[in-house]
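The values are calculated or read from the model by the stated rules, or taken from the named source; none is laboratory data. These figures come from a predicted structure and were not determined experimentally. All Cβ positions, even for glycine, are placed from backbone atoms using ideal geometry, and neighbour counts span all protein chains on display.
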């Protein structure tokens, strides 16, 4: 059974607190976020194919990627990596190009747990409550849940 995804987005808030545990060490979890060849295997909903168009994973770097659904619709995302501390922290911006000018700031922490397990704790701050509400209404939870389920399988295969 998969570990539960917890998204706490209080009504009217401009932030969402996201927590998810993984049955893998923090080093493997972080590597799956840092390595573009691993990242494309798990990010987003199960049926979408991801292609990275830019990847500079370092403090001050940036990224962009596209996801294509089975009907051929393309969804574009981009952002900047403000701070990267290996196996500990990623602070980044995140923008879905379908929501022009609506950028979130994500602080993603990686925590080691007993038994070779780990926890991801993410606070995503949005420009306003309406932006967060739109992201939630448009399937943020499904995309994250399905992506993390794919990440579980990827991490299990890494040993």
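Numbers below:
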quantity: Residues satisfying the stated conditions in segment 74-90, i.e. surrounded by fewer than 17 Cβ atoms within 10 Å (Cβ to Cβ) and within 15 Å of residue 44 (Cβ to Cβ); calculated: 74, 76
quantity: Residues satisfying the stated conditions in segment 116-142, i.e. in a helix (DSSP H, G or I) and either closer than 23 Å to residue 85 by Cα or touching a helix residue (DSSP H, G or I) at 6+ places or on another chain (Cβ under 8 Å) (or both); calculated: 116
quantity: Residue within segment 19-27 that is touching a helix residue (DSSP H, G or I) at 6+ places or on another chain (Cβ under 7 Å), closer than 21 Å to residue 121 by Cα, assigned to a strand (DSSP E or B) and at pLDDT 95 or above present; calculated: yes
quantity: Residues located in segment 85-99, provided they are in a strand (DSSP E or B) and out of contact with any helix residue (DSSP H, G or I) (no Cβ under 7 Å at 6 or more places or on another chain); calculated: 85, 89, 91, 92, 93, 94, 95, 96
quantity: Test result for residue 93, modelled with pLDDT of 95 or more and either within 18 Å of residue 7 (Cβ to Cβ) or surrounded by 17 or more Cβ atoms within 10 Å (Cβ to Cβ) (or both); calculated: no
quantity: Of all residues making up segment 46-84, the number that are more than 19 Å from residue 108 (Cβ to Cβ), touching a strand residue (DSSP E or B) at 6+ places or on another chain (Cβ under 8 Å) and part of a loop (DSSP other than H, G, I, E, B); calculated: 2
quantity: Test set (1) in contact with a helix residue (DSSP H, G or I) (Cβ under 8 Å, 6 or more places away or on another chain); (2) part of a helix (DSSP H, G or I) - residue 145 fails condition number; calculated: (1)
